[in-house]
Amino acid sequence: MSNDERGVVAVLVAILMVVLLGCAAISVDIGANYVVKRQLQNGADAAALAVAQESSCKAGSSASSVSSLVQANVNSSSAASAAVIDGVKRKVTVTASAVGDDGLAGRRNVFAPVLGVDRSEISASATASCVFPLGGTAELPLTFHKCHFDESRSLDVKILVAYNVTAPRCNGTSGNAAPGNFGWLQGANGRCPAKIDAAVYATPGDTGNNIPGPCKDTIKQFQNAVVRVPIYDVAGGTGSGGWFHVVGLAAFKIQGYRLSGNPEFNWNNDVHGALSCTGSCRGIIGTFVKIVSLDSDLTPGGIDFGVSTISLLD
């Protein structure tokens, strides 16, 4: 082979090496960047949900878990992250971006520098919202008048919600005493749990104090449990023809109840001092508590009664 031919071959090899390295950059670096992008997105999603759950999307809340959650999802490189809590719109936005092992922004490419691309800036963001639910499932279909939440003044204060004409009563928005101040919603499909449809004004139920038949076999499982309780502001009808206008969902820890003259449906009802429910009293003893739920069954539109539902926005 002549010197000229060797020179031509050398040039061709050099050109082909650039092409091959370019192909490697496309297949290796772009593929690696895609993996990091997915990891960052997973981390941002997890962090947005966690911060929303921790803060209830209230401005001024800490977001201490952001960095660790993002980094836990990024296996191949470091990451920088930040969270912004919008208390007005009740949203949390988390951004995450790749950081090279040298501490500079962007992932260091392996082959792409041949094409003049030393680093790839990769980022992801996620937004989670906090809403107050209106619709959903009440496993125990109790419903309380909203005045009981208002009069407890704060969460974690033990109260007695009594169906008793001698007990203090709440006034409805029309000025009339709300029937019983608690009632029972109609269970779905003949079962104990009730479905609350946010699009329906009047949820059917029973304004009486008798525990529904389908709930008699399950009431014991709610002892010392936190249940979602629909809160109503207006009620109508009587007995099994009653209805309730549900305005939101609260969380209530059941610490005692007397729901019948039958001892089978009474539990821990006489150990609460002035809040005990004995004799002709029918009532539920417990405390309103705060919960944050990821339950997709809940639909928004309610008043703030201490229950928030968290979801990622598209």
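Could you go through the stretch 48-56 in sequence order and give the Karplus-derived ³J(HN,Hα) for each residue, using 6.51 cos²θ - 1.76 cosθ + 1.60 with θ = phi - 60°, rounded to whole Hz, and x for Gly and Pro?
Karplus-based 3J(HN,Hα) across the stretch 48-56 equals 4, 5, 5, 5, 4, 5, 6, 9, 6 Hz.
Expressed in nm to one decimal, what extension gain is obtained for the pair S280 and Y201 from 0.36 nm per residue of sequence separation less their Cα-Cα distance?
On the way: separation 79, 0.36 × 79 = 28.44 nm, distance 3.25 nm.
Difference between extended and current length: 25.2 nm.
Using the Karplus curve 6.51 cos²θ - 1.76 cosθ + 1.60 with θ = phi - 60°, work out ³J(HN,Hα) for each residue of the stretch 89-96 in order, rounded to whole Hz, and write x for Gly and Pro.
Residue by residue, the stretch 89-96 yields 8, 6, 9, 10, 10, 10, 10, 9 Hz.
Mind ranking 289-301, 80-92 by how tightly packed they are, going by the mean number of other C-beta atoms within 10 angstrom, highest first? Each step should come with its number before you reach the end.
Values: 289-301: 15.1, 80-92: 18.0.
Averaged packing, sorted descending, gives the order 80-92, 289-301.
Check G135: other-chain or 5+ apart residues with amide H under 5 Å from its amide H, H built from backbone geometry?
Long-range HN contacts for G135: A198, T299.
With r defined as the distance between the Cβ atoms of A72 and T299 and R0 fixed at 41 Å, what FRET efficiency is calculated, to the nearest 0.05? Intermediate values should be presented prior to the final figure.
Values: r = 31 Å, r/R0 = 0.77.
Taking R0 as 41 Å, the efficiency between A72 and T299 is 0.85.
Would you grab the residues whose amide H sits under 5 Å from the one on V246? Only those 5+ places off in sequence or on another chain, please, with H modelled 1.01 Å from N.
T203
Determine the shape class of the stretch 134-307: with a ≥ b ≥ c the square roots of the Cα gyration tensor eigenvalues, call it rounded for a/c under 1.5, and otherwise prolate if a/b is greater than b/c, oblate otherwise. It would help to have the intermediate numbers written out before the result.
Numbers: a/c = 1.24, a/b = 1.23, b/c = 1.01.
Cα axes put the stretch 134-307 in the rounded bin.
Starting from the 7 Å offset along Cα-to-Cβ, what nm value, one decimal, do you get for the label separation of R191 and V28?
The answer from the label model is 5.6 nm.
Would you please give the FRET efficiency between K290 and V35, computed as 1/(1 + (r/R0)^6) with r the Cβ-Cβ distance and R0 = 41 Å, to the nearest 0.05? Intermediate results must be reported in sequence, preceding the final value.
Numbers: r = 39 Å, r/R0 = 0.94.
Computed FRET efficiency for K290 and V35: 0.60.
Can you give the FRET efficiency for S240 and E121, using 1/(1 + (r/R0)^6), R0 = 41 Å, r = Cβ-Cβ distance, to the nearest 0.05?
Approximately 0.05, to the nearest 0.05.
To make sure I understand the rule: partners must be lysines, Cα under 27 Å from the Cα of K58, and not fewer than 8 residues away in the same chain. Which ones qualify?
Within the straight-line limit of under 27 Å, K58 reaches these lysines: K89, K91, K146, K158, K253, K290.
Using a simple spin-label model with points 7 Å from Cα along the Cα→Cβ vector, what separation in nm is obtained for A105 and K216?
Distance between the two pseudo-spin positions: 6.9 nm.
If we sort 221-227, 31-37 on the protection proxy, mean other Cβ atoms within 10 Å, highest first, what's the order? Walk me through the numbers on the way to the answer.
Working: 221-227: 14.4, 31-37: 16.0.
So the peptides 221-227, 31-37, ranked by packing, come out 31-37, 221-227.
Since every read-out is calculated from the coordinates, none of them should be taken as a lab result. No experiment lies behind these values; they were computed from the predicted model shown. Note that each Cβ is placed from the backbone with ideal geometry, even for glycine, and that neighbours are counted across all protein chains shown.
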